[in-house]
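Reading through the structure tokens given below for one structure.
The values are calculated or read from the model by the stated rules, or taken from the named source; none is laboratory data. These numbers were taken from a predicted model, which means no experiment stands behind them. Positions of Cβ are backbone-derived with ideal geometry, glycine not excepted, and every protein chain shown enters the neighbour counts. The protein model used for the area step is the full one, side chains on, heavy atoms only, and it has no ligands, DNA or RNA in it. Shrake-Rupley method; radii C 1.70, N 1.55, O 1.52, S 1.80 Å.
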Amino acid sequence: MGCQTSVKPTLYQQIGGQAGLERLVDLFIQQIGRDKAILPYFAKANVSHFRQGFITHLCDTLDGPCDYQGDSMVQIHTGMQITEADFNRVVELLINAMTEADIAHTTQNQILARLAPLRGEVIKI
């Protein structure tokens, strides 16, 4: 018997690569568009710019082939006065989108763990 090595797929690969990532972001944007509490935060947002930036950011965060060079979370969210409740609601919307995209719960938890450190860069700044 020879040595077997198994390479665990990246989170990017686990969600279906670029196509899966784009589907997830599109589902997330749809969730935001239907949420009366969160939608006002995006009133002045350019949806296509947000979409592309979030795709690139997630791709980088999930070990995909992207290198996010956009604005920092602090730069993006300064002045928005995002409350803890609204931040938590956005997380719920992302979870809803991941569930709708048929992303396994274990993978969802790993994705949320990667994004969790950004919390302090988003709330009440």
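Taking the conditions exactly as written (under 18 Å from Ile125 (Cα atoms) and at pLDDT 95 or above), does Ile32 satisfy them or not? Against the criterion (under 18 Å from Ile125 (Cα atoms) and at pLDDT 95 or above), Ile32 does not qualify. Please go through segment 1-29 and pick out each residue that is in contact (Cβ under 8 Å) with a residue 40 or more places away in the chain and over 20 Å from Thr99 (Cβ atoms). Thr10, Gln18, listed by residue number.
The residues of segment 62-74 that are of a type in the set (S, T, N, Q) and modelled with pLDDT of 95 or more amount to a single one, Gln69.
Name every residue in segment 35-64 that is in a loop (DSSP other than H, G, I, E, B) and either in contact (Cβ under 8 Å) with a residue 40 or more places away in the chain or among the charged types (D, E, K, R) (or both), in order of residue number.
Asp35, Lys36, Ala37, Ile38, Lys44, Leu62, Asp63, Gly64 - these are the residues of segment 35-64 that are in a loop (DSSP other than H, G, I, E, B) and either in contact (Cβ under 8 Å) with a residue 40 or more places away in the chain or among the charged types (D, E, K, R) (or both).
The residue of segment 76-115 that is nearest to the chain's Cα centre (by Cα), among those that are within 18 Å of Asp60 (Cβ to Cβ) and open to solvent by 60 Å² or more (accessible area, probe 1.4 Å), is Arg114.
Here the condition is being in contact (Cβ under 8 Å) with a residue 40 or more places away in the chain, within 16 Å of Gly17 (Cα to Cα), assigned to a helix (DSSP H, G or I) and not aromatic (Phe, Trp, Tyr); of Ile32, Ile111, it holds for Ile111 alone.
Suppose the filter is at positive phi and either in a helix (DSSP H, G or I) or exposed (fewer than 14 other Cβ atoms within 10 Å of the Cβ) (or both); does Gly120 pass it?
No: the conditions fail for Gly120.
From the residues in segment 10-58 that are charged (D, E, K, R) and loosely packed, with under 15 Cβ neighbours inside 10 Å, which one is farthest from Gly79 (Cα to Cα)? Filtering first and then ranking leaves Asp26.
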